[in-house]
Amino acid sequence: MEPAELSAVLKCFHIEARKVEGNPYSCNTMKVICSRLDRFLSGSPQGKPFSVFRDKAFKPANEALDTSLKDLARQGLICSTKHKERRKIIPEESATAKTRYLAKRDPRCDALWQKPKKHNASSFHSTDEVCFCNVPLGKHKLENPLTEMCKTAGLAHIYTPHCIRATSVTVLKAAGLENH
């Protein structure tokens, strides 16, 4: 089969492929199917001199795959893998949280972000009047506070800015929004 013919067949396959139950395949499954097909065609005994990913003849098929997956995600028929939440988020009014933070700062320091006092879990009391030192928080502490907060809190998992971004992208995609 010539690359142009195979591209037309793949284009139809990308749009119409479904599981036995009639549900669409996930994004990763579709990409794995294409990858395995490419490997099969380039291996022996076929030994085809083209790639379904890189050759220009397959551009329409690859565009159909991308468009199909985006449409299915927009319709909510496929979305990213749902992982178990690592922690519960306790809802709290942001104004209340800000007021509580400002009340616990050391009044002798004018900096908005102050270095926290050294506490371990057993010595920390939410009733303490001042929880911060008379020292502004350093530049490097402000650059990566998430990792430090996780370590200080003794969390089993260290969250990174990338982790937060990835989670927000997943939530936005599940809501039908795309990132450009």
Could you pull out every residue, at least 5 positions away or on a different chain, whose amide H is within less than 5 Å of the one on residue 113? Hs are placed 1.01 Å off N in the peptide plane, and Pro or chain starts have none. 137
Can you list the HN-Hα couplings for segment 145-153, worked out from phi with the Karplus curve (6.51, -1.76, 1.60; θ = phi - 60°), rounded to whole Hz and with x for Gly and Pro? x, 4, 4, 5, 4, 5, 5, 5, 6
Arranged from highest to lowest average of other beta-carbon atoms within 10 Å per residue, in what order do the peptides 44-57, 65-78, 105-118 appear? 65-78, 105-118, 44-57
Net charge over other residues, Cβ less than 11 angstrom from the Cβ of residue 133 (K, R count +1; D, E count -1): +4
Residue 132's amide H: which non-local residues (gap 5+, or another chain) put their own amide H closer than 5 Å, with H modeled 1.01 Å from N in plane and none for Pro or chain starts? 106, 117
Roughly how compact is segment 1-74, stated as its Cα Rg over 2.2 N^0.38 Å to two decimals? 1.11
Which loop-located GluC sites (Glu not before Pro) does segment 3-62 contain, where loop means any DSSP state but H, G, I, E or B and the Cβ has at most 14 other Cβ atoms within 10 Å? 21
Residues with amide H under 5 Å of residue 78's amide H, sequence separation 5 or more or different chain, H placed in the peptide plane at 1.01 Å from N; which? 73
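Values quoted throughout were computed directly from the atomic coordinates according to the rules given, and no laboratory measurement underlies them. Since the structure is predicted, the reported quantities are computational estimates derived from the model, not experimental observations. All Cβ positions, even for glycine, are placed from backbone atoms using ideal geometry, and neighbour counts span all protein chains on display.
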